[in-house]
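One structure is given here, and the rest of the page talks about it.
The values are calculated or read from the model by the stated rules, or taken from the named source; none is laboratory data. Remember, it's a predicted structure, so these values are computed and weren't measured experimentally. Virtual Cβ from ideal backbone geometry, glycine too; neighbours counted across all protein chains shown. All accessible areas refer to the heavy atoms of the entire protein, side chains included, with ligands and DNA or RNA removed. Shrake-Rupley method; radii C 1.70, N 1.55, O 1.52, S 1.80 Å.
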Amino acid sequence: MNEQQKIDMVHTYFERMTASDIEGIIELFGSDAFVNSPFLGKMDAPSFFRKLGNASRASKLTVFDVLLGKEGDSAAAHFQYDWTLANGDLLTFQGIDYFAFGDGGKFKSMSIFYDTHPLRQEVGDKYANA
């Protein structure tokens, strides 16, 4: 994959998140891919995204920047997440998703970075029943 294809793949991820296309998101990840989440820890990608889908009513993600890593095997995206939880609560926050590219044009991992303290104080553990 060239640089533009990698940037496009990151944008496709965010477009599918906004569309709540969980199976489409999972297709972007390799079979052994994983996600590191501030709330849920390390999970295989399909389990993480299905759990996220169950905890969500709607999502709108606005991407500000996509930056490729020095070696070309990673990308970081700065975004705003307007997240409507399954119970109707709306959370808005900014974060960074860090993607590692694997073989075959798929992501091999994603790590999520944001300040969880204000969110935990506001909503508690919204994944508990998902």
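R0 = 35 Å: FRET efficiency of Glu23 with Leu67, Cβ-based, nearest 0.05? Before the final figure, lay out the partial values.
Values: r = 28 Å, r/R0 = 0.79.
So the FRET efficiency works out to roughly 0.80.
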Surface accessible to a 1.4 Å probe, per residue, for the residues of the chain, Å²: 54
Over the stretch 1-104 - Rg/Rh using Cα atoms and the Kirkwood inverse-distance radius: 0.95
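Carbon-plus-sulfur fraction of the accessible area of the stretch 1-87, 1.4 Å probe, in percent? Intermediate results must be reported in sequence, preceding the final value.
Values: 2090 of 4500 Å².
Carbon and sulfur: 46 percent of the exposed surface of the stretch 1-87.
Using 0.36 nm times the number of residues separating Asp115 and Asp89, minus their current alpha carbon distance, what extension gain do you get? Mind dumping the intermediate values first?
Details: separation 26, 0.36 × 26 = 9.36 nm, distance 1.84 nm.
Taking Asp115 through Asp89 to full extension adds about 7.5 nm, to one decimal.
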Note, ³J(HN,Hα) from phi for the stretch 64-71, Karplus 6.51, -1.76, 1.60, rounded to Hz, x at Gly and Pro: 9, 8, 10, 10, 8, x, 4, 8
Cα-based Kirkwood hydrodynamic radius, the stretch 32-73, one decimal, Å: 12.6
Whichever lysines have a C-alpha closer than 21 Å to that of Lys108, once near sequence neighbours (fewer than 8 apart) are set aside: Lys6, Lys42, Lys51, Lys70
